[in-house]
Each structure stands twice: as C-alpha cells, then as structure tokens.
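First up is the structure itself, then whatever we jot down about it.
The values are calculated or read from the model by the stated rules, or taken from the named source; none is laboratory data. Owing to the predicted nature of the structure, the values given are computational and were not obtained by experimental measurement. FYI the Cβ positions are ideal-geometry reconstructions off the backbone, even for glycines, and counts take in every protein chain you see.
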Amino acid sequence: MAQKGFFIDVSRCVGCRTCTIACADLNNTPIGIYNRTVKAYEGGTWEPCADGTWRPNVFAYYIPIACNECTEPACVAVCPVKAHYKRKEDGLVLVDLQKCIGCGACVQACPYGAPKLNPQVGKVVKCDACVARTSRGLAPVCVEACVERAIDFGDIDELRKKYGTTDSIAPLPDGSKTKPNLVIKAPKQAKPTGFSGGEVHRF
C-alpha cells in the first residue's frame, strides 16, 4: 500500500492562515470549525548578562496542522461503529459519514485535534487530504493556497527522502504514539516534543 502524507516547513510558515481559510471555503465548514488549524507556539524569558544588563531568550513559531494520516490512527482505534478507516490505496484516514454517530470518541482520542464535531449535522468532520482532488492528481487545497509554499503532500517515502524524518516538535505529541505520516522542517528556535516552557495559541 502506498502511503500519502504531508510535509510542513515550519521555518517558512508565517501564520497567515491562508491554508485554514482555503480549506474551510472548499469544504463549507461551519464558522469556527477548521480542518487545518495553525498553532502559534511561543515562550522564553529575560536572562541577566555579566555587565548587569538583560537579554531576551525567546522563541516563537507557527505550525499548520491537520490530519496526519497516521499509520496507527487513534481515531480508527476508538471509533465504535468503524466509521473511521484507512483507505487501502493511499493510506488516507477517512470518515464514512453514513456510519458516523457523532459520539466524539475520535475527537477525544486524536492527539492532533484533527476530528471536529459538526453540531449542524451531528457528525464528525476532519481533513481528508482533499481526497476528491488528490484522487485526480491535484494537490490538496492547503498546499496550493500556502503563500509561503510551506506545505507539501505526496508519497511519504519520497517526502522523507527529500526532507528528512522529523515528525514532531513542541507542542506536538511524540510521533511514536500514532506514527504520523508527517515530515517537519523545524526552525532554529524549535523546541523538542515534551518541552513545557511555551504557550500554545490556536488560530
């Protein structure tokens, strides 16, 4: 089975949310429900210098995040009606809305916050990697919309050959939990997963 995944160049992301809005527009999701979100992670403090002055030791970066098409998806594992599943031909994690009962188990289980409960229909919505587009050879809309070209999509083996194998930085969870098909290019100031000295702001 081929496995598709995402590459995120965090060093290029400026937090503009163009990916978020393009996705919401394409999928016509209710206001406040976004399949791709942008997390701002920041922190730091002032440190004293030998000459009696102080210098800032701070960091800040943005991470656009959506479904990471995990190899061991938590949403699939907990869904009581098997509405969540991995598509055989490309490994995408999808939701069968005919089966979904809106229980929210997947919402609680996903460490990335990918599934969202749509109160208008009582069903779960999530990033599906624009399967209607990618099945026709097109890129996901977030990839096309990103003004900084910070997002890429494709065969995960090829993405790893091109960009490396890093799949987690703070504030994301350790990749060993669900084995996300995600590659991250971290900025110089990025903190390791598990670092607790920063604050998360969601956009």
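Observations on the model:
- Count - residues of the range 1-28 that are part of a loop (DSSP other than H, G, I, E, B), farther than 26 Å from THR71 by Cβ and among the β-branched types (Val, Ile, Thr): 1
- For the range 112-121, filtered to residues that are part of a loop (DSSP other than H, G, I, E, B), modelled with pLDDT of 95 or more and not hydrophobic (A, V, I, L, M, F, W, C), the residue that is farthest from VAL38 (Cα to Cα) is PRO115.
- When the range 176-191 is filtered for residues that are closer than 14 Å to ASP157 by Cα, assigned to a loop (DSSP other than H, G, I, E, B) and touching a helix residue (DSSP H, G or I) at 6+ places or on another chain (Cβ under 7 Å), only ASN181 remains.
- Test for PRO119: is it surrounded by fewer than 16 Cβ atoms within 10 Å (Cβ to Cβ) and in contact (Cβ under 8 Å) with a residue 40 or more places away in the chain: yes
- Any hit, the range 127-148, residues being assigned to a helix (DSSP H, G or I), hydroxyl-bearing (Ser, Thr, Tyr) and buried (at least 17 other Cβ atoms within 10 Å of the Cβ): yes
- The number of residues in the range 172-203 that are under 26 Å from ILE21 (Cβ atoms), of a type outside the set (Gly, Ala, Ser) and either surrounded by 19 or more Cβ atoms within 10 Å (Cβ to Cβ) or more than 15 Å from the chain's Cα centre (by Cα) (or both) comes to 8.
- VAL124 vs. criteria surrounded by 13 or more Cβ atoms within 10 Å (Cβ to Cβ) and either among the charged types (D, E, K, R) or touching a Gly at 6+ places or on another chain (Cβ under 8 Å) (or both): yes
- So ASP157, is it in contact (Cβ under 8 Å) with a residue 40 or more places away in the chain, under 19 Å from GLU72 (Cα atoms), surrounded by fewer than 20 Cβ atoms within 10 Å (Cβ to Cβ) and acidic (Asp, Glu): yes
- Only one of ALA74, ALA139, ALA132, ALA105 that is touching a Cys at 6+ places or on another chain (Cβ under 7 Å), under 30 Å from ARG12 (Cα atoms) and of a type in the set (A, V, I, L, M): ALA74
- Test for ALA77: is it of a type outside the set (Asp, Glu), surrounded by fewer than 16 Cβ atoms within 10 Å (Cβ to Cβ) and under 21 Å from the mean Cα position of the chain (by Cα): yes
- Some residue of the range 153-166 being modelled with pLDDT under 95 and out of contact with any strand residue (DSSP E or B) (no Cβ under 9 Å at 6 or more places or on another chain): no
- Of all residues in the range 31-48, none are in a helix (DSSP H, G or I) and surrounded by 11 or more Cβ atoms within 10 Å (Cβ to Cβ).
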